[in-house]
Amino acid sequence: MNDGTLGNVPERLRERFGVIHSNNGVYSFAYDNYQVDIILQDESIWDCCQDFFDYDPTGNLMGKIANFFGLKYGNKGLHYCYRNEGRVSRNIYISNDSKRNFEFLGYDYDRYLQGFDTVEEIFDWIVAGKYFAVECFRLENLNHSDRNRNKKRATFQGFLKYLDDKNIQSTFKFEDESTYLKLIQDFFPEGNLKEKIEEFDELDRKSQNVYNVFNGNMVMELTGLEGKVLGNAISSYKTYVSETYKQTFIDFTNEYEGNIMENFKEWYHGL
């Protein structure tokens, strides 16, 4: 769907189906006693997106394996979870080639394309994966939001019951996710992951330098401004810097370092 009318989707759905609900780009409505969700996707990721959403809950379960590699698997393919001080701050694109993504995660893509007749067949396919490990799916090993979501998902709970009922054991033991960085780089060399991580490391270093010499508390102490007015002043100053010096605020501040507050003071008192 790329006919220039995407912006009219909610209105068109309301005209046809009545009340709809929107949440993060997902449009939901009731039809014939079913909930229908419409998720708009770019044509460039259509195949990858289809593979992710087909045969619930394969996408969700494969995503748990990907997480232990330090990756995120979703409808846009594989992304590397770049962490800053232990928290994921960026998702670095790796690949949206489903066949290669499946191969990396240890799953038979050709078998997947044949489809499944039962949910148990899906479960059998998941545990047959090269890197299958029971701990990837235990609720206590999921982050808070993922744990809460999967407590409510009948298919995920069904998979946990399947593991327990059949006494399924792990066939692979994961180490720390940093162990797999080179494996990811070697398998997807076109992703230039090492270079991108170094780029973000440098950007984070510069961002920390900015915070050390220019932050909201320092501006508040100088100006007496608070709340939204303080935020507006900082935002306006950053715009002034980028337009006047033709640099990003981060690069400009790293050049000025200890003199950045003097520059801000001149700008502020000149208003």
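FYI, it's all coordinate maths here, none of it is from the lab. Quick caveat: nothing in here was measured; it's all calculated off a predicted structure. Counting neighbours? That spans all protein chains shown, and the Cβs are built from the backbone with ideal geometry, glycine included.
Values computed for the structure shown
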item: Segment Glu177-Asp42, extension gain: residue separation times 0.36 nm, minus the distance between their alpha carbons; result: 45.6 nm
item: Computed helical MRE - 222 nm, the chain, DSSP H runs ≥ 4 contributing -39500 (n - 2.57), nearest 500; result: -15500 deg cm²/dmol
item: Alpha-carbon centroid distance for the pair region 77-120 / region 172-240, whole angstrom; result: 25
item: For region 160-205: rounded, prolate or oblate by the Cα gyration tensor [a/c cutoff 1.5]; result: prolate
item: Cα-centre dipole for region 43-195 with unit charges at Cβ (Lys and Arg positive, Asp and Glu negative), debye to 20; result: 660
item: Inter-part distance where region 122-140 and region 4-66 are each reduced to a Cα centre, Å; result: 26
item: Glu262-Glu15 pseudo-label distance in nm [points 7 Å out on the Cα-to-Cβ vector]; result: 6.3
item: Among 127-139, 242-254, 93-105, the order from most to least packed when residues are scored by Cβ within 10 Å on average; result: 93-105, 127-139, 242-254
item: Two-site FRET efficiency, Tyr93 against His269, from Cβ-Cβ distance with R₀ of 35 Å, rounded to 0.05; result: 0.20
